[in-house]
Every structure is written in structure tokens, then in C-alpha cells.
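Values quoted throughout were computed directly from the atomic coordinates according to the rules given, and no laboratory measurement underlies them. Only a predicted model underlies this, so the values are computations on that prediction, with no experimental measurement involved. As a convention, Cβ positions derive from the backbone with ideal geometry for all residues, glycine included, and neighbour counts pool all protein chains shown.
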Amino acid sequence: MTRAQQRLAATIVALTATLIAVPAYAQTGKINPADTAWMLGATGLVLMMTIPGLALFYAGMVRKKNVLATMAQCLAATMLVSVLWAVIGYSLTFTGEGAYIGTLQRVFLRGLTTGSISPLANSIPESLFMVYQMTFAIITVALVAGSLADRLRFSAFLLFCVFWLIFVYVPIAHWIWGGGFLGQYGTIDFAGGLVVHLNAGIAGLVGAYVIGKRRGYGSENLAPYDLTMAVIGTGLLWVGWFGFNGGSALAANGRAVMAIIATHLAASAGACVWMALEWWTRGKPSVLGMISGAVAGLGTITPASGFVTPMEGILIGIIAGGVCFWSCTWLKLKCGYDDSLDVFGVHGIGGLTGTFLAGVLAVGALSATPAMPGGIRGLLEGNPHLLLAQLYGIAVTIVWSGAVTFVILKVIGLIVPLRVRHEDEIMGLDVSQHGEALQ
């Protein structure tokens, strides 16, 4: 090898090391302006997913007499959860090293300064990490309301927001993301397949059984009021998901970009498959089916988005479209529950499927660091333990979310009625709960 060739080889090695190395600010805990700017944008995108995204998505799929009440639930979840998260939720989730719950170190955001940095996100201000995680808590609580649409009393929902955030969301988020026992065991969840989607889906399923079916379910026309609202809501959710999944890299880097690409392709594949299945089984592709398939793809890719390549994102989207279509048609009919807006069928089943597939398809190169050169590898790369850890995380989430949600609903039922009166349900929740109506 000539001297020129040696210099060229040395240059290539140096450049490669620079590209794959963890930046100095990540090693020293120095705030990085680029990461901070990206995470500010991602935080706004995720908040947009609830208001107006989820609010429009849900409101467009209920009847006209319940549109405002459905939007009010998304707005209420945003208001209540934001305050509770700042007061105690963040501290219990992301401080300390407890296996089961965090500490009161940041209660009332005590000690949170402009220069403080969380060890869990050491290139952005801790205050930004706190508010970013707040947006995840908000949308998770709001998602549950979709299962109980058209019949849940507003006062009962407010109590549900408080109790469910503290006793269900916070523990599960700590177990996986805050240094708890599931994370220590090796369970991975890049952006919320367990913490958000399976958690909300199981809670919605339990709520649907506890509160009962809507009046006229199976015998009356419960068609959506305005699918144009739902399509616009889907678009806001789709774009917001780039902050949801891409932001979960917690840095402006290549992994964030790969997560965004996988997310977009999974949503597109999920919509295509749902459309094809509906076309095949019902003769026509519905708009409702296409947006449902897109959301199924988005929810299913979420836990795996930072661990898989874009092509694997397409595969996950294809699987999501088929599995979630089956769960919202055959499974729902077979089990006889009334999950009004298919929170369990889309988010619950999607989150479960994506978490499982992350254990199979995770590519080590996407999460490789100098401390762990091989990265987090899935079953196909010779690591069966990851799949076992994923199954363990799924089981724990189902049991805790299901059992505690059941208890919470029963306790709330002792304080206020869970369900509106029969005549109020006929009148509509807009008038009966809020004294307002669409003209």
C-alpha cells in the first residue's frame, strides 16, 4: 500500500469513527442547540396530536349530538394531565433509580432550572425533556376516552384522568423508560407501544366492558357524523407522529430520521393493506378504513421505530393493516364488546404486535454506541432474550393496566355515576353534559 493510500484509508477510518461515535456533548452532559431545537419542534408536534389531531379524529367518528363532548374530553385530558404531570407525574416517572416507582425529587418541579439536565436525555434541558414527556402522558389518557365515547359522564372522565395517570400511566412509564424493572430486564419500547398504545387499548377494553354498550348498539345507525373531520385529524396525527417517534431519539441525529422514515412507510403500508382487505371483503374501500389502517400502521411501528430499517417498517405496516383489521372486525364481533372508536382494536392490538415485532426485527446497528457496539439486536440477529423481554413487558402491561383500570372505574362509580342517564344519552352528551349543541 502506497503512502497516499495509507493516508486515504486513515482518513476514511477517522470519518467513520466520527460519524458513529457518540457526540461529546452526549458524553459530557452538555446542552446541544441542535438537539434542543429539534426537541422543541417535536414537543409541539406531539401536543398537536391531541389538540387538534385526536380531537378532530374522534369527533368526526361520533354522532353529531356528541361531537363537542368528545372534543371536550381531549381538551380536558390536556388541561388536567399537564398540571398533574408538572406537580407530581414527572417526578414519579423519571427521577431516582427505583425498580417500581420514582422519587419526589422533582415534585412541583422543585430544583428544575434552565441548566439542569436529566441523565435520560443528556443533550437537552431537563425542562424540555419534562414537557416532551408530558405530551405523551396527555395523549395516552385522551386515547382511552375513544372506547367510551357517546356514554361516559364528563365528571367521571375528569376523575379518571387523575387516577389513571397516577396509578397506571406513571408506573408503567417508569418501569420501561424511567429505569424501572422492565427496562432493566431488557424490554424495549422506543416511543410508546407498551406505555401508550397497549396501555390505552387495554384500559379502553376494560372500560367498554365495565360501562356497557351504547344504547342502540347493533340495532341503530351509529354512523360517523363527519368523516372529513376524521381525515383532517388523521393528517394531523400522521404528521405529529414524526415528533412522537422521531423525537424519541431525543436528538437531532440519523436515528431520528430513520425512525421518521419507518413511521411514514408503516402508516402508508397499513392504509394500503386495510383498504385492500376492505375492498376484497366488502366490495368498496371506505375512507374510514383507509384512515384506520394508517393509524394502525402508526401505532404498530411506534415501539420498533428506532430499532428497525425503513423496509422493515413497511413489513410492520403490512402486518399492522391485516392484524388490526381482523381485530376490529372478527375479534370485536366475536367478543361482543362495544369499543366505540376501536381503541383496543387499533392501538391495543397494534401496540402489542409492534412490541413483539421489535423483539424479532431489531437491528443492532441502529442503536449501537461505543459502550454497546453491537446495539440492541432482535431474534433475527441471534438474540432470543430480547423477544422474551418483549413478551414479559407485554404481559406486565396487560395485567397492570387491566386490573388497575378496573379498580379505578369501580371506585369512580362509587363517587359519581360512570354513565350518563338513559334520556341524556338519547339527547346527546353535548347538551346533557355541556349545555351546547352544533347547529
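Values for this structure:
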item: Ranked HIS434, HIS197, HIS422, criterion: other C-beta atoms within 10 Å, fewest first; result: HIS422, HIS434, HIS197
item: Under the Karplus curve 6.51 cos²θ - 1.76 cosθ + 1.60, θ = phi - 60°, whole-Hz ³J(HN,Hα) for segment 244-254, x wherever Gly or Pro sits; result: 5, 8, x, x, 5, 6, 6, 6, 8, 9, x
item: Contour excess over end-to-end distance, with Cα ends at MET79 and HIS385 and 0.36 nm allotted per residue; result: 106.1 nm
item: Under the Debye formula (equal points on every Cα, no solvent term), log10 I(q)/I(0) of the chain at q = 0.09 Å⁻¹; result: -0.55
item: Ranked THR234, THR397, criterion: other C-beta atoms within 10 Å, fewest first; result: THR234, THR397
item: Sum of -39500 (n - 2.57) over DSSP H runs of 4+, divided by residues of the chain (222 nm, nearest 500); result: -19000 deg cm²/dmol
item: Inter-label distance for ALA34 and ILE166, nm, one decimal - labels placed 7 Å from Cα along Cα-to-Cβ; result: 4.3 nm
item: Highest to lowest packing among 72-85, 406-419, scored as the average C-beta count within 10 Å; result: 72-85, 406-419
item: Helix 33-48 vs. the chain, principal-axis angle (Cα, 0 to 90°, nearest 10); result: 10 degrees
item: Residue exposure sequence - GLU436, GLU278 - by fewest surrounding Cβ within 10 Å; result: GLU436, GLU278
item: Rel. contact order, % - alpha carbon contacts under 8 angstrom, at least six apart, the chain; result: 22 percent
item: FRET efficiency, 1/(1 + (r/R0)^6) with R0 35 Å, evaluated for VAL431 and LYS334 via beta carbons; result: 0.50
item: For segment 323-425, convex hull volume per residue from C-alpha positions, Å³; result: 158 Å³
item: For segment 208-313: relative contact order, % (alpha-carbon pairs under 8 angstrom, 6 or more apart); result: 29 percent
item: Qualifying lysines (Cα of each under 30 Å from Cα of LYS64; at least 8 residues distant if same chain); result: LYS213, LYS284, LYS332, LYS334, LYS410
item: Helix 227-241 vs. the chain, principal-axis angle (Cα, 0 to 90°, nearest 10); result: 20 degrees
